[in-house]
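The values are calculated or read from the model by the stated rules, or taken from the named source; none is laboratory data. Predicted, not measured: the structure shown is a model, and the values here were computed from it. Cβ: placed from backbone, ideal geometry, glycine included. Neighbour counts: every protein chain shown. Each accessible area value is taken on the protein alone, full model and side chains, heavy atoms only, with ligands, DNA and RNA left out. Shrake-Rupley method; radii C 1.70, N 1.55, O 1.52, S 1.80 Å.
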Amino acid sequence: MMEDHLTLDIEAAEFIVDLSNVVRNTSLGVGVARLSRFQGLLDALRRFARDDQVLVYAVADRSLLHGAGLSGQEEAVLQRWARDGLIEVRPVADDRILEIAHLRDRMIVTDDAYKEYHRFHPWLVGDCNRFLSPYPDPRRPGAVAVRRRVIPKFPEWELSLVEEERELKDAGLRGRNAEQRRRTLLGRLWECPVRDCPLFGRPLRAIQPVARFTGRGAVCPDHRLPLADRGRAPRRAQVKVLVDGAVVTRFTLDEGRAVSVGRAPVRAGVALMSWLGAYPPTSMSRTHVELMCEADRVVVRDVSTNGTEIRRDGGLTRLSPRRWHPFSPGQEVVLHESTVLVLSGRRRYFNEADEAPPPPPSHVDPTTIEGKNGRITGSRQTRRRTRRR
Ligand SMILES: [Zn+2]
């Protein structure tokens, strides 16, 4: 079910999908627009991230829901998703996609080069960990694959032409100070004056989508009205468990509450037993580590018999037992050589060893880069779900 992969919880989402762009991508099959292309993309992202439950934050242009070439049935599906708060619908999606991706450091799945935004978002250009682009999978007829893509720097004259077509009304908001301010506003709970607002209405969603931040402060992206600040939002973090390089399950850390992880934690916790095969490594303790989300970071503590290592910057460091250590995105907590914990939402998708040479600076690059060995992980079914609450 496509719904199972949709979330407006940016902490849980691994990718931001430019939904209109994908659905209208005619290279992915006949017809002007097809929702099946999005289904194909989700399958591709599952393979790419080696995560059967991969979650995406999808943003669509409003026009996609009305007369953009989708069937009435497909339009009804999108309208339902929007109503249920599974996708965001914006008059123009581009700006919003870039805003969220930048604030939360996520990869964007699209074919668009966002030319008219290069001046405002210089980070768009030249980074091979920013964009994925879907294309027809040459090894699976009818299927979609994704590859990394670098947006090249366009000649200045070309940019100027595109920019002239665009109204730059909120240019003053895009300085560095403004960006700092928006980041501090991310950790708040917001309420929309429109009571039944699906995003910020009453009762407030425990997990809110990203508000829109303008010169007036936080604004409801739906109603364009200022949002009232309802206090600090508790911090959360998503942790993924990888066995042999594939994601087998994920769980959420709520601020201030320690969670035990191990083969079979004595008290409540995350039991990994069922994913470790017939002969689970005995070096892994029943309760191996504890994790906790604090106000500004995640910490980990080794409580095992045989010790825990953390992989950062390519090297392994042993955690001193029973002491809390910081655990940051991109690092791996190693419970056993087969079993590691990582924080969700890291932008860099590969370990150094997996890193393929960056594709040439063109969005029609021929290189396909998938998860290690392009392996499909459909055999491992996960059972815990910690999304939408
Ligand atoms: Zn609203």
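If Arg46 satisfies all but one of (1) buried (at least 21 other Cβ atoms within 10 Å of the Cβ); (2) touching a Ser or Thr at 6+ places or on another chain (Cβ under 8 Å); (3) under 24 Å from Leu98 (Cα atoms), what's the number of the condition it fails?
Here Arg46 meets the rest and fails (1).
Please determine whether any residue of the range 156-170 is at pLDDT 65 or above and assigned to a loop (DSSP other than H, G, I, E, B).
No, every residue in the range 156-170 fails to be at pLDDT 65 or above and assigned to a loop (DSSP other than H, G, I, E, B).
Before we move on, is Pro234 away from the ligand (no atom under 15 Å from the Cβ) and open to solvent by 30 Å² or more (accessible area, probe 1.4 Å)?
yes
Search the range 230-255 for residues that are part of a loop (DSSP other than H, G, I, E, B) and pair each with any residue that is acidic (Asp, Glu) when their beta-carbon atoms are under 7 Å apart and the residues are at least 6 apart or on different chains.
Pro234/Asp254; Pro234/Glu255; Arg235/Glu255
Report the residue count in the range 209-227 for those that are more than 8 Å from the ligand (Cβ to nearest atom) and open to solvent by less than 30 Å² (accessible area, probe 1.4 Å).
So the answer is 7.
Enumerate the helices (runs of 4 or more DSSP H) found wholly within the range 36-146, keeping only those where 1 or more residues are on the phi < 0 side of the Ramachandran plot and in contact with a Gly (Cβ under 6 Å, 6 or more places away or on another chain).
Ranges flagged: 36-49.
Taking the range 237-259 as the search range and keeping residues that are among the small types (Gly, Ala, Ser) and open to solvent by 20 Å² or more (accessible area, probe 1.4 Å), which one is nearest to the ligand (Cβ to nearest atom)?
By that ranking, first place goes to Gly256.
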